[in-house]
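Trainee: Just dropping this structure here.
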Amino acid sequence: MDLTIKHAKRLVVLVIGTTVVLFGVALLVLPGPGLLVIAFGLSILATEFIWARRLLRRVKDEGTKLAEQALGRDSESKNDADTP
């Protein structure tokens, strides 16, 4: 009986998480925060699936790298503009 409830919970998480991820993919071409919604869907999936946890961790790491690069470029361009 307990195994059936566990499988049902995993199925519900799979359906909801996948739906949110697919909605996020649609928002990549429609107006809206597509990447944010995809990350939210992955976080839902990560509650039950190890592969989603690993993918979410990878997405977070890449996002952090991109943010650092963007901030680094912004500070470099400001410094270049200040010096004649």
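The values are calculated or read from the model by the stated rules, or taken from the named source; none is laboratory data. Quick caveat: nothing in here was measured; it's all calculated off a predicted structure. Note that each Cβ is placed from the backbone with ideal geometry, even for glycine, and that neighbours are counted across all protein chains shown.
Trainee: Give the residues of the range 44-75 that are assigned to a loop (DSSP other than H, G, I, E, B) and aromatic (Phe, Trp, Tyr), sorted by residue number.
Mentor: So in the range 44-75, the residues assigned to a loop (DSSP other than H, G, I, E, B) come out as 46-49.
Within the range 44-75, just Phe49 meets the criteria.
Trainee: Just need a number here: residues in the range 20-39 that are buried (at least 16 other Cβ atoms within 10 Å of the Cβ) and not small (Gly, Ala, Ser). Let's see the steps before the verdict.
Mentor: Quick first cut of the range 20-39, residues buried (at least 16 other Cβ atoms within 10 Å of the Cβ) only: 20-21, 23-24, 27, 34, 37-39.
If we keep only those that are not small (Gly, Ala, Ser) as well, we get 20-21, 23, 27, 37-38.
Residues that pass the stated criteria total 6.
Trainee: Do we have Gly17 as surrounded by 14 or more Cβ atoms within 10 Å (Cβ to Cβ), part of a helix (DSSP H, G or I) and on the phi < 0 side of the Ramachandran plot here? Walk me through it before giving the result.
Mentor: Working: surrounded by 14 or more Cβ atoms within 10 Å (Cβ to Cβ): yes; part of a helix (DSSP H, G or I): yes; on the phi < 0 side of the Ramachandran plot: yes.
Answer is yes for this residue.
Trainee: When you check Phe40 against the structure, is it under 11 Å from the mean Cα position of the chain (by Cα) and aromatic (Phe, Trp, Tyr), yes or no? Reasoning before the result, please.
Mentor: On the way: under 11 Å from the mean Cα position of the chain (by Cα): yes; aromatic (Phe, Trp, Tyr): yes.
Spelling it out, Phe40 is indeed under 11 Å from the mean Cα position of the chain (by Cα) and aromatic (Phe, Trp, Tyr).
Trainee: Let me ask something additional. Yes or no: Leu45 of a type outside the set (Val, Ile, Thr), under 23 Å from Glu62 (Cα atoms), surrounded by 12 or more Cβ atoms within 10 Å (Cβ to Cβ) and modelled with pLDDT of 90 or more?
Mentor: yes
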